[in-house]
Amino acid sequence: MIPGKRARKRLDALACIPAFLPDGWCQLKGYYRAIAAHQAAPYGNLIISKGDVLQAETRPSEWPGWVWVTTSNQVSGWMPLAYLDPDGAAWRAVCDYRDVELSVQPADTLEVLYTQDQWAWCQPAQGEPGWVPLAVLERLNT
């Protein structure tokens, strides 16, 4: 049986979930509503494969547990430190990762698939999955 469009979207969203549970991982799966607007950052081109070697640096941020990484192709973005292992002077990705961030408006409904260091990887009702700060989400009673 070929999965329908909604099922294919869900499979694509789940493909980005790490196959391991790193330190700092917290499972708060379920449906949530945005209680405040959040505008996605203007970047979002970082696509990391497990085993990629990266340069990482700590930058001032309101989000502890996240570091600024740069790929060998000079593409940069934020990534959870828990998804990296030291490899000499560089860092190696321990799982696939994308830095796609979602813009949300109050009352938007999202399915939270997993959380990491104050952010949630979400599947919106329409569109592609991405990261949203947990601070702008409220769990729905289902």
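All of (1) farther than 19 Å from L28 by Cα; (2) under 11 Å from the mean Cα position of the chain (by Cα) hold for L84 with one exception: (2).
Where in segment 103-142 are there strands (runs of 3 or more DSSP E), lying fully within it, with 3 or more residues that are surrounded by 18 or more Cβ atoms within 10 Å (Cβ to Cβ)?
Strands (runs of 3 or more DSSP E) meeting the threshold: 109-116, 119-124, 130-133.
On inspection, A36 passes the criterion of being in the same structural domain as V112 (by TED's automatic domain parsing) and either out of contact with any helix residue (DSSP H, G or I) (no Cβ under 7 Å at 6 or more places or on another chain) or modelled with pLDDT of 95 or more (or both).
For P86, are the conditions met, namely being part of a strand (DSSP E or B), surrounded by fewer than 19 Cβ atoms within 10 Å (Cβ to Cβ) and of a type outside the set (S, T, Y)? Considered against the rule, which asks whether it is part of a strand (DSSP E or B), surrounded by fewer than 19 Cβ atoms within 10 Å (Cβ to Cβ) and of a type outside the set (S, T, Y), P86 comes out as yes.
Every residue, every condition in (1) among the aromatic types (F, W, Y); (2) more than 14 Å from W119 (Cα to Cα), yes or no:
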site: T58; (1), (2): no, yes
site: W63; (1), (2): yes, no
site: V67; (1), (2): no, no
site: T70; (1), (2): no, yes
site: S76; (1), (2): no, yes
site: L81; (1), (2): no, no
site: P86; (1), (2): no, yes
site: A90; (1), (2): no, yes
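Looking across segment 31-68, the residues that are buried (at least 18 other Cβ atoms within 10 Å of the Cβ) and under 14 Å from the mean Cα position of the chain (by Cα) come down to L46, I48, W66, V67.
The values are calculated or read from the model by the stated rules, or taken from the named source; none is laboratory data. As the structure is a prediction and not an experimental result, all values here were calculated from the model. A quick note on method: Cβ atoms are made from the backbone with ideal geometry, for glycine too, and the neighbour counts reach across all protein chains shown.
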